[in-house]
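The structure appears right after this line, and notes come after that.
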Amino acid sequence: MELRHLRYFVAVAEEGSFLRAAGRLRVAQPALSKQIRDLEREVGVKLFERLPRGARVTRAGEQFLSNARSALESATRAVSTARRTDSASGLKFAHSDLYVYTPVLVKLLAAFRQACPETPLRVVRVNEVDQPAALREQRIDVAATFVATWPVPGLEALQLADCAVTGVLLPATHPLAAERRIRLRDLSDLVWLHPSQHTRPELYRALRTALESRGLVPTRHRGRRGDIGANVAIAAGDAWALANPAVAALYADMQGSIVHRPFVDAPIPMWFALVWRDDSSPLVDTLVRVARGLASPAARTRSTA
């Protein structure tokens, strides 16, 4: 027996008609009749007298009606209590390094605050390597992260921004800086500065695989330790880094030391996305709904929820 059986039974009893109850419940009458027959079979008694015009509750049905209403009221109270408790504890939102996508997150959280002004919102920093476990253990409710595969294995996800990599940052003194477009395989003499293998191992592996499939097997590489260190290494003529147009825009005034050059190879897919468990709370559902409202039409289609 499920709650819907009780809701259907109460609706027929109150309407005195299978047809009117079906309209109230917005279900097909044959489906409603079947559910009531299933309920009677499970209970073991006849709950309705079927009349030429309508239905009348039997004496056994009258007793069942009182208890059915109580059960539905108890279920409603249980849901309300759970939702109040969830709202009181607030939403635990995690992120790692954001870089140029900080404004995307700021706009999202401001919109959520406007939608749920009374809900506590706790924002914490969690490395991407730790986010899946934190979600599974319910230490966080949702996370903003960079992903290079879609859909995201084991999680629901919604794209916030397309971060596809289409170019590189190079030392202005490197011979390739004189080219308008480059080939990735020509970068083998420089050190590849990549996402940390410790904090972003999945992203690192996806990018390395993408480079190898495009003809570049990086023999010299090291994890990127912040923007300042990376900028110094690139400007010194020793290193290069992958970049998309949003990242490249930050280097527009550094042409004398660091230049951005598109590559002729296929773009490397990447997204900035929200990820959450498939058994999410109403607060997470609200956040996702707000995020969809802010996202572009193309981004809205990139959802596994």
Note on segment 132-147: residues at pLDDT 90 or above and crowded, with 16+ Cβ neighbours inside 10 Å are 134, 135, 140, 141, 142, 143, 144, 145, 146, 147
Kindly indicate which of 194, 221 is in contact with a helix residue (DSSP H, G or I) (Cβ under 9 Å, 6 or more places away or on another chain), under 23 Å from residue 131 (Cα atoms) and of a type outside the set (Ser, Thr, Tyr).
-> 194
From the option list 208, 180, 185, 214, single residue qualifying as without any contact (Cβ under 8 Å) to a residue 60 or more places away in the chain, outside the structural domain of residue 132 (by TED's automatic domain parsing) and over 15 Å from residue 241 (Cα atoms) is 214
Count of segment 182-200 residues which are more than 21 Å from residue 151 (Cα to Cα) and assigned to a loop (DSSP other than H, G, I, E, B) = 7
Just give me the residues in segment 153-162 being over 14 Å from residue 280 (Cβ atoms) and in contact (Cβ under 8 Å) with a residue 24 or more places away in the chain, in sequence order.
-> 159, 160, 161, 162
Mind listing whichever residues of segment 31-47 are of a type outside the set (Lys, Arg), assigned to a helix (DSSP H, G or I) and over 38 Å from the mean Cα position of the chain (by Cα)?
-> 33, 36, 38, 39, 40, 42, 43
Please find, within segment 48-72, the residue that is farthest from residue 13 (Cα to Cα) out of those that are part of a helix (DSSP H, G or I) and without any contact (Cβ under 8 Å) to a residue 12 or more places away in the chain.
-> 70
Would you be able to tell me the number of residues in segment 106-149 that are in contact (Cβ under 8 Å) with a residue 40 or more places away in the chain, among the aliphatic types (A, V, I, L, M), closer than 21 Å to residue 247 by Cα and in a helix (DSSP H, G or I)?
-> 1
Return the total of residues in segment 167-193 being more than 16 Å from residue 218 (Cβ to Cβ) and of a type in the set (Lys, Arg).
-> 2
Residue set 278, 238, 265; condition charged (D, E, K, R) and either free of Cβ contacts under 8 Å to residues at least 60 places away in the same chain or buried (at least 19 other Cβ atoms within 10 Å of the Cβ) (or both); output residue 265
Of the listed residues (216, 169, 176), the one being surrounded by 14 or more Cβ atoms within 10 Å (Cβ to Cβ) and part of a helix (DSSP H, G or I) is 176
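Against the definition (farther than 30 Å from residue 257 by Cα and surrounded by fewer than 18 Cβ atoms within 10 Å (Cβ to Cβ)), how does residue 106 come out, yes or no?
yes
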Here are some conditions: (1) at negative phi; (2) at pLDDT below 90. Residue 107 meets all but one. Which one does it not meet?
-> (2)
Checking residue 232 against (1) modelled with pLDDT of 90 or more; (2) not in a loop (DSSP other than H, G, I, E, B), which single condition isn't satisfied?
-> (1)
Exactly one of 211, 203 is assigned to a helix (DSSP H, G or I) and within 18 Å of residue 129 (Cβ to Cβ), and that residue is 203
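The values are calculated or read from the model by the stated rules, or taken from the named source; none is laboratory data. Model, not experiment: these values are computed from the prediction. So basically every Cβ, Gly included, is an ideal-geometry build from the backbone, and we count neighbours across all protein chains shown.
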